[in-house]
Amino acid sequence: MQLKKELRKHLEEKILPFWAGLKDPERGGFYGYVDKELTVVPDADKGCILNSRILWTFSTAARQLQDEAWRRNADWAYDFLHRFVDPDHGGVYWSVTRDGRPSDTTKHTYCQAFAIYGLSAYYTLTGKKDAIDLAMGLFDLIETRCRDEGGYLEALKADFSPESNEKLSENGVMASRTMNTLLHVLEAYAELYRANPDERVRAAGEICLKRFLDTFYNPEKHRLEVFCDDAYHSLLDMQSYGHDIEGSWLLWDAVITLLPKEQWGAYRDMCLDLAASVTRRAFTDHGLKNEWVNGETNELRIWWVQAETMLGLENAWELTGEAEWLDRLKTQWGSIQRMIVDRRENGEWYWSVYEDGTLTERPMVEEWKCPYHNGRMCLRLMSSGLPEEI
C-alpha cells in the first residue's frame, strides 16, 4: 500500500476538482449549497466559514503541489472573502447572499478565526500584504472585542453586543464557552504565527494552550469537556470523539509552533491520552463513532470525524513510533473509501452515513461542509514522515 500516492491522487482527482467546480462565475465566490443529489442551489447564501476553508485549502494545495490552477481558485476565494467584511464595525459576517450582501450578520469568534486561518495560508502562498494586514486586523479584533476577563466570547451581534450562542451549542444546552471555538482560535493563531511570527500572536496562542491543559482537558475522564458556562463549568456529560481526535493533533501542532521545547511534556501527555481514549472507546473497522452523551453513543460516521481520525492516528505514531497506530491508519483509510467517499461522477465525500453504511439526508455542501478536513488530511499526510510503503 502506498498511502501517500493514493492520497495525492484522491486529492487531485476527487476533492479539489469537486470544489473548483463550484465557482460562481456570475456573482463570485463559490456556491453555498449542493443537495444530496449533487444539485447546486445557485441562490443559496454563502457562509464565511465555508469560503475561508476553501481559501485555506486551495492556498495550501497551490503552495504544496506547485499548481497554478489551484492558485487561481485561491485567488477567487480571497477576492470574495472581502464581501464578508463589515465596513462599519469591523470583523466578518457569518454569511452573505449570493451576490455578497450581508445576510446573517452575527460576528462569531469562530468565524473570525477561520477568516484568519484562510488569510494566513493565502499570505504564505502569495506574500500579499493586504492579506496579512486583514488577518492581523481580525486578530486584534478578537483580542479586543471578542473576549472578557475570563476568556473568549462567542456569538456577538454586528456591533459586538452579546448574542446567544445557538450556532456552537447543541445537545440541548446553551454554552457560553465551547471547546470547539477555542480549538479553532488556537488553530488560526498557530497558522497566523507561522505566516507572520508576531509575539502578540504567539502569546495569545500560549494562553489558549494553557486553557486547554488546565481547564478543558479532563484527565480523569480522558477527554476534553465540550460545552461550558462563563466560569468553565461543564454543562454536559459528553465526549466528542471527533473533536478529541482532532484536538490530539491540532493541539500538538500549536504546541510545537508556539512553545519552547521545554514546555512540551505535559501537552504531549495530554495529546496522547486523548488519542488513546478515543481509539479505545470509538475506533472500529467501520470508522470512528461520533460522540458519547449521557451514557449513549451516537454511531454516525461523519465526514470530518473520519478525516481528522487519520491525522490523529498519524500524529500518535509520530509521537510514539508504535506500529499499531499505522495499522489503525490503514484500517481507517479503508473505511473512508468504503463508507464516506462518494463514488458518483462529480461526487466528493458524503456528509454522514449510519453505522451500516446507509446515507443520511445531509447535503453535499452547505456552510459547514467543506474541503478543509479531508483536503487537509491529504495534504498533511502527503508531507508527513510516513513510510512510503504503508
Margin query: Looking only at region 279-293, how many residues end up being of a type in the set (S, T, N, Q) and either over 16 Å from D327 (Cα atoms) or in contact with a Pro (Cβ under 6 Å, 6 or more places away or on another chain) (or both)?
Written below: 1
Note to self: With the requirement that a residue be over 23 Å from the mean Cα position of the chain (by Cα) and farther than 16 Å from A266 by Cβ, what does region 209-228 give you?
What the structure shows: K221
Check: Mind checking whether some residue in region 251-265 is in contact with a Leu (Cβ under 9 Å, 6 or more places away or on another chain), of a type in the set (F, W, Y) and assigned to a helix (DSSP H, G or I)?
Finding: yes
Next item on the list: Filter region 193-247 down to residues that are assigned to a strand (DSSP E or B) and among the hydroxyl-bearing types (S, T, Y) and give me whichever is nearest to D273 (Cα to Cα).
Entry: Y217
Next item on the list: Specify the residue that is nearest to the chain's Cα centre (by Cα); the eligible residues are those in region 152-169 that are surrounded by fewer than 19 Cβ atoms within 10 Å (Cβ to Cβ), over 14 Å from C111 (Cα atoms) and touching a residue at least 24 places away in the same chain (Cβ under 8 Å).
Entry: E163
Next item on the list: Within region 64-86, track down each residue that is among the charged types (D, E, K, R) and either over 18 Å from G375 (Cα atoms) or touching a Cys at 6+ places or on another chain (Cβ under 9 Å) (or both).
Entry: D79, R83, D86
Notebook entry, point to check: Does G334 satisfy the condition of being at pLDDT 95 or above and assigned to a helix (DSSP H, G or I)?
Noted result: yes
Note to self: List pairs: first residue in region 374-387 and under 22 Å from R301 (Cα atoms), second residue buried (at least 17 other Cβ atoms within 10 Å of the Cβ) and of a type in the set (F, W, Y) anywhere in the structure, Cβ distance under 7 angstrom, at least six positions apart or on different chains.
What the structure shows: N374/W303; N374/W349
Notebook entry, point to check: Say we look at region 9-60 and pick out the residues that are more than 20 Å from the chain's Cα centre (by Cα) and basic (K, R); which of these is surrounded by the most Cβ atoms within 10 Å (Cβ to Cβ)?
Noted result: K23
Notebook entry, point to check: Inside region 113-151, can you point out the residues that are of a type in the set (S, T, N, Q) and surrounded by fewer than 24 Cβ atoms within 10 Å (Cβ to Cβ)?
Noted result: T124, T126, T144
Checklist line | Meets criteria (within 20 Å of D253 (Cα to Cα), crowded, with 19+ Cβ neighbours inside 10 Å and of a type in the set (D, E)) for E187 | finding: yes
Checklist line | Residue in region 140-151 that is farthest from R202 (Cα to Cα), counting only those that are assigned to a helix (DSSP H, G or I) and without any contact (Cβ under 8 Å) to a residue 24 or more places away in the chain | finding: T144
Note to self: Could you list, ordered by first residue, the pairs with Cβ atoms under 6 Å in which the first is in region 229-241 and surrounded by 12 or more Cβ atoms within 10 Å (Cβ to Cβ) and the second is of a type in the set (S, T, Y) and assigned to a loop (DSSP other than H, G, I, E, B), at least 6 apart or interchain?
What the structure shows: D229/S176; D230/S176
Checklist line | R177 vs. criteria within 22 Å of the chain's Cα centre (by Cα) and either under 27 Å from T57 (Cα atoms) or crowded, with 20+ Cβ neighbours inside 10 Å (or both) | finding: yes
Item checked: Qualifying position, being among the basic types (K, R) and not in a helix (DSSP H, G or I), among R27, R53, R72 -> R27
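The values are calculated or read from the model by the stated rules, or taken from the named source; none is laboratory data. Everything numeric in this text was worked out from a predicted model, so none of it was measured. Note: ideal-geometry Cβ built from the backbone for every residue, glycine included; neighbour counts use all protein chains shown.
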